[in-house]
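One structure is given here, and the rest of the page talks about it.
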Amino acid sequence: MTINKSQGQSLTKINLDLRSPAFMHGKVYVTMSRVTSAQGMTILLPTNNPQTEDEVYPEVLYRETT
């Protein structure tokens, strides 16, 4: 079933394959929100998953006003 077809439906089991970069974060959210319990969710991750450093831009998060 495609992500678009799953919207509005509840599923008891899902398999989410993240081994290829085809998913955008919104689609991952929709997919994960369709399953009725965490036990019904299987996520496949790449075996050579590179770690990404979090980037914080203070000027975006905080601005002092007068």
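Numbers for the structure displayed
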read-out	value
Matching residues in segment 13-28 - criterion: being among the β-branched types (Val, Ile, Thr) and at pLDDT below 70	none
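Table: residues versus (1) at pLDDT 80 or above; (2) exposed (fewer than 10 other Cβ atoms within 10 Å of the Cβ); (3) part of a loop (DSSP other than H, G, I, E, B); (4) within 17 Å of the chain's Cα centre (by Cα).
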position: 30; (1), (2), (3), (4): no, no, no, yes
position: 33; (1), (2), (3), (4): yes, no, no, yes
position: 42; (1), (2), (3), (4): yes, no, no, yes
position: 48; (1), (2), (3), (4): no, yes, yes, no
position: 52; (1), (2), (3), (4): no, yes, yes, yes
position: 60; (1), (2), (3), (4): no, yes, no, no
position: 63; (1), (2), (3), (4): no, yes, yes, no
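The values are calculated or read from the model by the stated rules, or taken from the named source; none is laboratory data. Bear in mind that the values here come from a model prediction, so they are computed numbers and not experimental data. Here Cβ is always computed from backbone atoms with ideal geometry, including for glycine, and neighbour counts include all displayed protein chains.
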